[in-house]
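**Q** This structure is in C-alpha cells; I'll ask about it shortly.
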Amino acid sequence: MLPENVVNKIAAGEVVERPASVLKEVMENAVDSGATRIDIEIAAGGRKLVAISDNGSGMDRDNALLAIERHATSKIGDVDDIEHINTLGFRGEALAAIASVSRFRLTTSRKGDDSGTEVSLSGGKIQDVRDIGGPAGTRIEVRDLFFNVPARRKFLRSQQTELTHIRTAFTFQSLAHPEVGMSLTVDGRVLYRLAPGGEEAVTDRVRDLFGEDYLRQLRPVDYEAEGVRVQGYAGLPAFSRSDRTEQYVFVNGRATSAPLLGYAIRVGYHSLLPRDRHPVMVLFVSVDPGSVDVNVHPTKKEVRFRRPSEVRDTVIAALQQALKVEASIPMMGADLEAPGEAAKPHVAVPDLQLAINDLPPVRVFRYPRMPIQTTDGTPPPLMDQPFGTGGAGSDEAAAETGPEAERSEADETTSAPWAWCRVLGQVGTLYVVLEIEDGMVLMDPHAAHERVLYERFMRTFENGGIATQALLVPETVDLRPGDANLVRRHVDVLKRMGIGIADFGGDSFVIDALPAFLSSVRPDQLLAEVVRELEEGGAGRARGKLNEDALIQASCKAAVKSRDALTLDEIQQLVIDLAGTRMPYTCPHGRPTLIYMSYHELNKKFGREH
C-alpha cells in the first residue's frame, strides 16, 4: 500500500497540471455552490497565488474539514448518481489533490451562522483550523503551487505562458456561465470585470470578453432536434483561424469536447472553409444528463454520448442553418451596428439598381458621381465627372439621387448580401469591382461562378435528379471484413446514391454502375471512400460527402477561368446569381468570392475621419 501523501501527489498529477487547472476546478466548485459572483486573484502567473472567492452557499465546520479529504463530495451519493450528473464536479478529489501540492487555505461561512471556518494546510497536512468572521461564501487560496514537488514545478512555463493558460481557463468558465458575475485580477491589476447576464447573457458576455467587432462576425445559432439543443454563435467563414483555440464548445454547461463534436463542426463548415482553417464559435450543446457520460477523462476534458448520431446530426444541422444567408445578417466584414444599437447614419448613395445598361463597355471606366461623407458626417454636394459625360454619372442619374430614393432602396428587405449593387467593371480581366449601398466589393468571378454552379448542382441532386452510368465491364471489389459488413448494411443507401452494387460472396462485391459525374473514378477507390464515410459519419454523411466532393470538382471544371474577359451582361448575371445563393461569400473550396471595404474604412484610409 502506498503512503497517503504519495497517493495524493499521484492524484494531483492527474488533476493539477498547472495553475490554470486549479482555477478551473475551484471555479466549477463555486458555480456548483450557487454563487452569483466569483472573484479571482492571480500573482506571478499563479505560481505564488491563485485565490478564488465566491458568494455561494458556503460550508459549516465539519463539511469544511471533510471537503479536503479525497473522494469526499456532496454532489453524488452512490454509483447510480454518476449516470445523471447535474453538477460540474462529482469525484471529490480536486481540493485534496490541490492541497497536497501547495500551501492551501480554505475560508468558508454559511449565511446566518455566527462564524465561519478557516482551514490551513501545507503539502496536504492540516496546520490550523479556527473560527473566523466573514461574508457568506467560500474563499480558497492556493500559494506556492508544487513547492513540495520540485520535478513538477520546474516543468511550469514562464509567468506569461502560465498567465495565458489562466486567462484561457477564465474565458471558458465565464462563457460557460454568463449568468454569474466574474472578475480576474492579475498582480493587482483588474483584467476583467464581468457583470452577471440577464436575458441576453451569452451575447453580453461575448461582447464583454471580445468586443463589438468580434460579435459582428458571428451568426446566432438556435436549433433543437432529437432531444438535443444547440445554441450560441458560429463565426462567418471569413472569420476563421489557423487552429481551434477560439472554438468554445460546452456540453450541459461544461467546457469539454468530444471527437464527434469536432467532426460535426468540420461537416457544418464543409465547402465553406479551406482544410487548414478553423471556424470561430461559442457553442452550447444541451442534452439529457442521463445521455452523456462525463466520467471518461481524469480532468473531464472529454465526454461520451449515449446517442452520438443524434448529437452529431443536430450540431451539423444547427451550423448549416445558422450559416444560411438571411436579410438580417450583414455581409462578412461589414462595419455594421451591433445588436441592440441604434443604426448609424450611412453616407448618401445614388438610387441605382442592378441594371447596368447605361454603363460604358468593359475596361472603359468613368468616375461615378459618388458623394463622400465629410468629417462632420454630412455628404458634400455632387461634383461633376472629371472624365466624359453620360453613363452612370450623368446629370440624369444624379437627378434621381436623393434622400427619398435612398430611403426607399435601403428599406427594401432582401436576402442578398447587398440591398443594391452597381457593376463598375473588371480589373485586369480578373476581378470585378462592385459598388454597394455602404462600400465597395471586389469579386473573383471564377470563385463566384463555382459557388453558383455548385449550389445549382446540389439542388438537382437533392431533388432526385441523379443520373447513373453503366460500366462497360462490371468490376469486382474486395473489402476488409469490417468494411464489407458496413457495405452490406447500407446496400440500399449505396443504390440510392447511384452505385450499382451486388454481393458477390465472402467480402467481395460487384459494381456495374456509378453516378454519371463519377464515371471516371475507379470503383474500388470510390467504395473505399464511401465505406470510410459510412464508418465515421453515418449513411447520410457518406452520401452527402461523396456527391459534394464530386460536385465541387464538377463546378470548378465548369466555372469561368480566372483570365476570361466577361461582358457586362455576363457580369451582371453572375452578380445576380451569386446574390441568390445560400452562401455567397466563399467558393466550395472555402476561398472568398467577395472582399468588402466599407466607406468607413475608405474614409479612414484617406484621412477623412478623426
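The values are calculated or read from the model by the stated rules, or taken from the named source; none is laboratory data. All values reported here derive from a predicted model rather than from experimental measurement. Ideal geometry is used to build each Cβ from the backbone, glycine not excepted, and the neighbour counts take in all protein chains shown.
**Q** Which is assigned to a strand (DSSP E or B) and farther than 30 Å from L594 by Cα, of V285, V221, V230, V249?
**A** Details: V221 fails: farther than 30 Å from L594 by Cα; V230 fails: farther than 30 Å from L594 by Cα; V249 fails: farther than 30 Å from L594 by Cα.
The conditions single out V285.
**Q** Taking G262 as the residue in question, decide whether it is assigned to a loop (DSSP other than H, G, I, E, B) and either exposed (fewer than 15 other Cβ atoms within 10 Å of the Cβ) or of a type outside the set (D, E) (or both).
**A** Numbers: assigned to a loop (DSSP other than H, G, I, E, B): no; either exposed (fewer than 15 other Cβ atoms within 10 Å of the Cβ) or of a type outside the set (D, E) (or both): yes.
Judged against the criteria, G262 is not a match.
**Q** Can you tell me which residues in region 1-59 are over 30 Å from G112 (Cβ atoms), among the charged types (D, E, K, R) and in a helix (DSSP H, G or I)?
**A** Selection gives E4, K9, E14, K24.
**Q** Can you tell me which residue among V202, V206, V129 is in the same structural domain as S53 (by TED's automatic domain parsing) and among the hydrophobic types (A, V, I, L, M, F, W, C)?
**A** Residue meeting the stated conditions: V129.
**Q** Do we have R167 as without any contact (Cβ under 8 Å) to a residue 40 or more places away in the chain and not in a helix (DSSP H, G or I) here?
**A** Details: without any contact (Cβ under 8 Å) to a residue 40 or more places away in the chain: yes; not in a helix (DSSP H, G or I): no.
Criteria not met by R167.
**Q** Is it the case that region 200-209 has a residue that's touching a residue at least 24 places away in the same chain (Cβ under 8 Å), part of a strand (DSSP E or B) and surrounded by fewer than 19 Cβ atoms within 10 Å (Cβ to Cβ)?
**A** no
**Q** Of all residues in region 245-259, which are hydroxyl-bearing (S, T, Y), surrounded by 19 or more Cβ atoms within 10 Å (Cβ to Cβ) and under 17 Å from L209 (Cα atoms)?
**A** Across region 245-259, the qualifying residue is only Y248.
**Q** Anything in region 125-139 that is farther than 15 Å from I52 by Cβ and modelled with pLDDT of 90 or more? List them, or say none.
**A** Once the filter is applied, which keeps residues that are farther than 15 Å from I52 by Cβ and modelled with pLDDT of 90 or more, region 125-139 yields K125, I126, Q127, D128, V129, R130, D131, I132, A136.
**Q** Quick check on my filter: what residues within region 571-596 are surrounded by fewer than 16 Cβ atoms within 10 Å (Cβ to Cβ) and of a type outside the set (K, R)?
**A** Passing the criteria: Q573, I576, G580, I595.
**Q** So is D276 in contact with a Ser or Thr (Cβ under 8 Å, 6 or more places away or on another chain), free of Cβ contacts under 8 Å to residues at least 40 places away in the same chain and not β-branched (V, I, T) or not?
**A** Against the criterion (in contact with a Ser or Thr (Cβ under 8 Å, 6 or more places away or on another chain), free of Cβ contacts under 8 Å to residues at least 40 places away in the same chain and not β-branched (V, I, T)), D276 qualifies.
**Q** To continue, here is another question. Among the residues of region 176-191, write down those that are outside any loop (DSSP other than H, G, I, E, B) and either of a type in the set (S, T, Y) or crowded, with 21+ Cβ neighbours inside 10 Å (or both).
**A** Within region 176-191, A176, M182, S183, L184, T185 meet the criteria.
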